[in-house]
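Participant: Structure below; questions to follow.
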Amino acid sequence: MTRSTLKTALSQHWAHLNKRRKAMSTQNKRMSILILALILVFGGILVYHLFAGYMMKRYFARFASPAVTVSSVTAKQRDWKPHFSAVGNFVAIKGVNVNSQAAGDVVAIHFESGQYVEKDTPLIDLDDSVDQATLKFNQAELALQHINHTRQTDLLKRAATSSSTVDAAKAKLLQAEAEVEKTLAQIRQKHITAPFSGQIGIRQVNLGEYITVGNTSIAPLQLLDPLFMTFYLPEQLITRLKIGQIITFSVAHNPDLLFEGKITAINAKVDSNTHTIEVQATLPNCPTDALRDPTHSPLVTTQKGAHDQKTRVICNSELNTKNHVSAFNFIPGMFASIEVDQPKIPHVITLPSTSISYSLYGNSVFVIETTKADPNDPKSPDVLQVKQVFVSTGEQQGNDTIIKKGIRAGQKVVSSGELKLQNGTRVLINNEVPLPEITDPEQLGQ
């Protein structure tokens, strides 16, 4: 091979290598650009997500949920008057079904059903014509025996008869007197009168009806003023009962009024079946007319309790008798809701029962506290937040509950809207709708 040919071959070979090297360099540049593009794309996506996550965390770290509107109540410290409840029945101190001691036809009726009668007021008359005739016969016999006794006494003074004859005459005179008294008693039994003052019930006999002894009831008669109230309490309360203790009660037809009575007897034994003890209270009856406007009636006095929506009415039996009251508010057989008062407990903390959340793991309330909007910035504005506090509750009356532990007097507590709250929730207070002091739990939803 000639030198020129070799040189040409080498030149071609280097040209081919340069061409190939240029092609590989171009390919490497393209690959580098592609890799760089991929790095930029995925790096940008990663940076975006990291930045978005950071911004989201920062947002939620500074996020404050909108304030919840609630109503509030302030815990009060007051005197607490405990009581325990029962259901009682009115019982007449004197109450009978008027009957007849004699048989006969009804010839006169002197009363109307439901009438108030005084003692010894005539009620009915039975036919006593036979007894009247017998009375005349016995009175004639009495006159004869009186004359005979006088005659025998005069003869004895002149020694014209024996003392035994005078004694016999005296005995016959006494027998005649007894017969007259017996007949008069039988006549009185056929003129039936009221044994005591009270309200007569519905008449059970009619004119011309034949009455049998002890089997025919004429009418019930009840003494209406004063009355007994009997009720039962669990035996464990016996140590908290005493004679003279005040009871308050209400009846269905006077829902806005309270009345008073006094315990006058406690049974000497406990019922072994129910383990309750019977208690008896005595109370004056109240005039029906007076209760139409008790605050302006001279027959009763009224009081208004500081924590009671009902008017307390105090009646007086002596005043009723003095004014000849005959229409009364209570009648035997009615029932009443009773509260037996107990000694006052001073300085207890109370909250409305509706502000307490009751649960199996404990009772709690939401206390309203004032904090800074930004705890790290003392110049930030004040906001209201709630804190859940577990409390120990005690006795309940109406819508008030004793708080034994967990709350101090004067603290503000959420009274409605607590279902939307949790610890740290911001709140706004709106008390435009006042919470009434309800004493009857049945009225809480009204």
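Participant: Roll a 1.4 angstrom probe over the protein heavy atoms and tell me the percent of accessible area of the chain that is carbon or sulfur.
Facilitator: 56 percent
Participant: Measuring with a 1.4 Å probe in the full set of protein chains, what accessible area per residue, in whole Å², belongs to region 102-166?
Facilitator: Dividing the accessible area of region 102-166 by its residue count gives 60 Å².
Participant: Ordered by residue, what ³J(HN,Hα) values in Hz, to whole numbers, does region 68-81 give under the Karplus form 6.51 cos²θ - 1.76 cosθ + 1.60, where θ = phi - 60° and Gly and Pro are x?
Facilitator: Listing the rounded values in order: 8, 7, 9, 9, 10, 9, 9, 5, 10, 10, 8, 7, 10, 10 Hz.
Participant: Report the trypsin sites (Lys or Arg not before Pro) located in region 363-412 that are in a DSSP loop and have at most 11 other Cβ atoms inside 10 Å of their Cβ, or state none.
Facilitator: Of the trypsin sites (Lys or Arg not before Pro), the ones in loops of region 363-412 whose Cβ has at most 11 other Cβ atoms within 10 Å are LYS379, ARG408.
Participant: Just tell me which lysines come within less than 27 Å, Cα to Cα, of LYS242; anything on the same chain fewer than 8 places away is out.
Facilitator: Output for LYS242: LYS81, LYS94, LYS262, LYS269, LYS304, LYS310, LYS344.
Participant: Let me cross-check LEU40: its accessible surface, 1.4 Å probe, with only protein heavy atoms counted, in Å² to the nearest 10?
Facilitator: Rounded to the nearest 10, the figure is 120 Å².
Participant: Taking the Cβ of LEU156 as the center, what net charge do the other residues with Cβ under 13 Å away carry, scoring Lys and Arg +1 and Asp and Glu -1?
Facilitator: It works out to a net charge of +2.
Participant: Whenever you get a sec, line up HIS149, HIS296 from highest to lowest accessible area (probe 1.4 Å, protein heavy atoms).
Facilitator: Descending order: HIS296, HIS149.
Participant: Around GLU278, what is the net charge, scoring Lys/Arg as +1 and Asp/Glu as -1 over all other residues with Cβ under 10 Å from its Cβ?
Facilitator: Around GLU278, the surrounding residues sum to 0.
Participant: Excluding residues fewer than 8 places away in the same chain, name every one of the lysines whose C-alpha is closer than 28 Å to that of LYS157.
Facilitator: Those lysines meeting the cut-off are LYS170, LYS172.
Participant: Can I ask one more? Tilt of helix 129-157 relative to the longest C-alpha principal axis of the chain, in degrees (0 to 90, nearest 10)?
Facilitator: The angle comes out at about 50 degrees.
Participant: Under 24 Å Cα to Cα from LYS19, which lysines show up? Leave out anything in the same chain fewer than 8 places away.
Facilitator: Cross-link targets: LYS7, LYS29.
Participant: Moving on to the next point. Could you check the spin-label model distance between LYS322 and ARG188? Points 7 Å from the Cα along Cα→Cβ, value in nm.
Facilitator: Once both label points are built, they end up 3.4 nm from each other.
Participant: In nm, to one decimal, how far is the modelled label at THR74 from the one at LYS242, with both set 7 Å along Cα→Cβ?
Facilitator: Result for the modelled spin labels: 3.7 nm.
Participant: Could you give the dipole magnitude of region 237-362 about its Cα centre, charging the beta-carbon of Lys and Arg +1 and that of Asp and Glu -1, in debye to the nearest 20?
Facilitator: The dipole magnitude comes to about 240 debye.
Participant: Skipping prolines and chain starts, which residues have an amide H placed within reach, meaning under 5 Å, of the one on GLU209, given they are 5 or more residues away or on another chain?
Facilitator: Counting only residues 5 or more places away or on other chains, the set is VAL106.
Participant: How much mean residue ellipticity at 222 nm does the chain get from its helices, if each DSSP H run of length 4 or more adds -39500 (n - 2.57) and you divide by all residues, to the nearest 500 deg cm²/dmol?
Facilitator: -10000 deg cm²/dmol
Participant: Follow-up. With a cap of 13 neighbouring Cβ atoms within 10 Å, and only residues DSSP puts in a loop, list the trypsin sites (Lys or Arg not before Pro) found in region 100-166.
Facilitator: Those satisfying the criteria are LYS119, ARG158.
Participant: To continue, here is another question. Return a whole-number percent for the relative contact order of region 266-360, with Cα pairs under 8 Å and 6 or more residues apart as the contact set.
Facilitator: 21 percent
Participant: Using only Cα atoms, find the angle between the long axis of helix 163-189 and the longest principal axis of the chain, and express it within 0 to 90 degrees, rounded to the nearest 10.
Facilitator: 40 degrees
Participant: So, one more: If you place +1 on the Cβ of every Lys and Arg, -1 on the Cβ of every Asp and Glu, and leave all else neutral, what size is the dipole of the chain about its Cα centre, to the nearest 20 Debye?
Facilitator: For this selection, approximately 5880 debye.
Participant: On a 0 to 90 degree scale, rounded to 10, what angle separates helix 3-62 from the longest Cα axis of the chain?
Facilitator: 20 degrees
Participant: Something else: Using 0.36 nm per residue of separation minus the Cα-Cα distance, give me the extension gain between GLN309 and ILE266 in nm, one decimal.
Facilitator: 12.4 nm
Participant: When Lys and Arg each count +1 and Asp and Glu each count -1, what net charge do the other residues less than 12 Å away from GLU209, Cβ to Cβ, add up to?
Facilitator: -1
Participant: Taking region 88-195, which GluC sites (Glu not before Pro) meet the DSSP loop condition and have no more than 11 other C-beta atoms within 10 Å?
Facilitator: GLU112
Participant: Name the residues whose placed amide hydrogens come within less than 5 Å of the amide hydrogen of GLN245, ignoring near sequence neighbours (fewer than 5 apart) on the same chain.
Facilitator: ILE263
Participant: A further question on this structure: So, by mean Cβ neighbours within 10 angstrom, what's the order for 197-203, 232-238 with the highest one leading?
Facilitator: Ranked by mean Cβ neighbours within 10 Å, highest first: 197-203, 232-238.
Participant: Once label points are set 7 Å from the Cα along Cα→Cβ at both ALA37 and ALA103, what is their separation, rounded to one decimal in nm?
Facilitator: The two pseudo-label positions are separated by 13.3 nm.
The values are calculated or read from the model by the stated rules, or taken from the named source; none is laboratory data. A quick note: this is a predicted structure, and the numbers were derived from the prediction, not measured. Virtual Cβ from ideal backbone geometry, glycine too; neighbours counted across all protein chains shown. Accessible surface areas use protein heavy atoms only, side chains included; no ligands, DNA or RNA. Shrake-Rupley method; radii C 1.70, N 1.55, O 1.52, S 1.80 Å.
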